[in-house]
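Peer 1: Dumping the structure here so I can ask a few things about it.
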Amino acid sequence: MTFLRNLAKHNDRAWFQPRKAEFEALLREPMLAIVRKITDAMLDFAPDHVRPAEKSLFRIYRDTRFSSDKRPYKTHVAAWWSHQGLQKTSGAGYYFHVSPKEVIIAAGAYMPEKEQLAQVRHWLLDNHAEFRALLKKPAVRRAFSEFEGNALTRPPKGFPCDHPALDLIQCRQWGLAATLPAKTALDAKFAGLVIRYFRLAAPIVDALNTPIAAALAPKKKVLFGLH
């Protein structure tokens with residue numbers, strides 16, 4: 001935590017580079033150890049999201065190519081488990097980050113690609129009641145808040161304006177998030193806590209990935225007019 005606070009004050013290469021080994025020892029390696037514990041547990045409830053810890057952990061370096069903010073380093077450490085076969089930040093998955101201000105644990109589709117947006121929206125036309133039921137489970141509501149959704153102001157093109165799922169269809173992201181005190185990350189049982197949150201959110205992540213995964217599945221060949 002002290003390292004991250006200092007990085008926020010001295011967010012430049014001249015400060016970070018001489019302390020890179022310190023970053024590796026205090027942040028990257030402990031994060032990798034936590035990510036591995038979580039990934040091992042996900043074999044039970046999210047096997048399609050299991051991947052090497054190094055691929056789940058985000059780099060500390062910011063992508064400044066298209067940003068007016070040229071600070072080179074993030075001031076938090078984070079990990080994301082995407083669905084196998086999807087780009088790292090697309091689809092629905094599992095996320096947490098640690099900063100000196102807070103711990104955030106989240107799950108859902110935060111940056112779905114354009115085609116994935118359409119797939120989820122069409123799926124919601126017929127499955128909105130089941131999806132709402134997952135979001136309204138008492139244990140889920142006690143643990144999480146829903147994403148605000150970054151919603152459109154009008155129905156997407158081609159979707160009815162009077163559909164009972166319109167509020168969900170207008171969203172550009174779907175999922176859950178919980179904000180916890182920063183000191184939570186210092187607890188020896190932190191990995192277990194993240195696992196419990198992820199396990200609660202697993203049915204919602206699976207639901208969101210259902211139409212996306214179906215679109216990725218190889219199409220059956222047609223032989224002599226028969227499937």
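Peer 1: Among residues belonging to segment 9-21 that are assigned to a helix (DSSP H, G or I) and open to solvent by 60 Å² or more (accessible area, probe 1.4 Å), point out the one that is nearest to residue 72 (Cα to Cα).
Peer 2: So the residue we want is 13.
Peer 1: I need a count of the residues in segment 167-204 that are outside any helix (DSSP H, G or I) and exposed (fewer than 15 other Cβ atoms within 10 Å of the Cβ).
Peer 2: Residues that pass the stated criteria total 5.
Peer 1: Here's a check for you: in segment 108-129, which residue that is acidic (Asp, Glu) and exposed (fewer than 13 other Cβ atoms within 10 Å of the Cβ) is farthest from the chain's Cα centre (by Cα)?
Peer 2: 126
Peer 1: May I pose another question? Which pairs do you get when a residue that is closer than 25 Å to residue 183 by Cβ, found in segment 1-30, comes within reach of a residue that is open to solvent by 80 Å² or more (accessible area, probe 1.4 Å) and assigned to a helix (DSSP H, G or I), reach meaning Cβ atoms under 7 angstrom, with the pair 6+ apart or on two chains?
Peer 2: 3/22; 3/26
Peer 1: Residue under question is residue 188, and the condition is that it be touching a Leu at 6+ places or on another chain (Cβ under 6 Å) and among the aliphatic types (A, V, I, L, M); does it hold?
Peer 2: Answer is no for this residue.
Peer 1: Give segment 134-166 a look and list any residue that's more than 25 Å from residue 216 (Cβ to Cβ), open to solvent by 60 Å² or more (accessible area, probe 1.4 Å) and not polar (S, T, N, Q), or say none.
Peer 2: 136, 137, 138, 141, 142, 146, 148, 154, 161, 162, 164
Peer 1: A further question follows. Scan segment 106-136 for residues that are closer than 26 Å to residue 196 by Cα, among the charged types (D, E, K, R) and without any contact (Cβ under 8 Å) to a residue 12 or more places away in the chain and jot them down.
Peer 2: The one that is closer than 26 Å to residue 196 by Cα, among the charged types (D, E, K, R) and without any contact (Cβ under 8 Å) to a residue 12 or more places away in the chain: 136.
Peer 1: Working carefully through the options 99, 90, 82, find the one that is hydroxyl-bearing (Ser, Thr, Tyr) and farther than 24 Å from residue 185 by Cβ.
Peer 2: Just a single option satisfies the conditions, and that option is 90.
Peer 1: To continue, here is another question. Where the second residue is part of a helix (DSSP H, G or I) and the first is of a type outside the set (A, V, I, L, M, F, W, C) and lies in segment 188-206, which pairs have Cβ atoms under 7 Å and are six or more apart or on separate chains?
Peer 2: Listed by first residue and then by second, the contacts come to 197/143; 199/45; 203/134.
Peer 1: Is it fair to say residue 92 is buried (at least 20 other Cβ atoms within 10 Å of the Cβ) and in contact with a helix residue (DSSP H, G or I) (Cβ under 6 Å, 6 or more places away or on another chain)?
Peer 2: It is true that residue 92 is buried (at least 20 other Cβ atoms within 10 Å of the Cβ) and in contact with a helix residue (DSSP H, G or I) (Cβ under 6 Å, 6 or more places away or on another chain).
Peer 1: Further, regarding this structure: Scan segment 52-75 for residues that are in contact with a Ser or Thr (Cβ under 7 Å, 6 or more places away or on another chain), open to solvent by 30 Å² or more (accessible area, probe 1.4 Å) and over 17 Å from residue 19 (Cβ atoms) and jot them down.
Peer 2: 70
Peer 1: Would you check if there is a residue in segment 64-71 being touching a residue at least 60 places away in the same chain (Cβ under 8 Å) and at negative phi?
Peer 2: Yes, segment 64-71 contains at least one residue that is touching a residue at least 60 places away in the same chain (Cβ under 8 Å) and at negative phi.
The values are calculated or read from the model by the stated rules, or taken from the named source; none is laboratory data. Keep in mind the model is a prediction, meaning the values are calculated, not measured. When we count neighbours, we look across all protein chains shown, and the Cβ atoms used for this are built from the backbone with ideal geometry, even at glycine. For the accessible areas, the whole protein counts, side chains as well, though only heavy atoms, and no ligand, DNA or RNA atoms are used. Shrake-Rupley method; radii C 1.70, N 1.55, O 1.52, S 1.80 Å.
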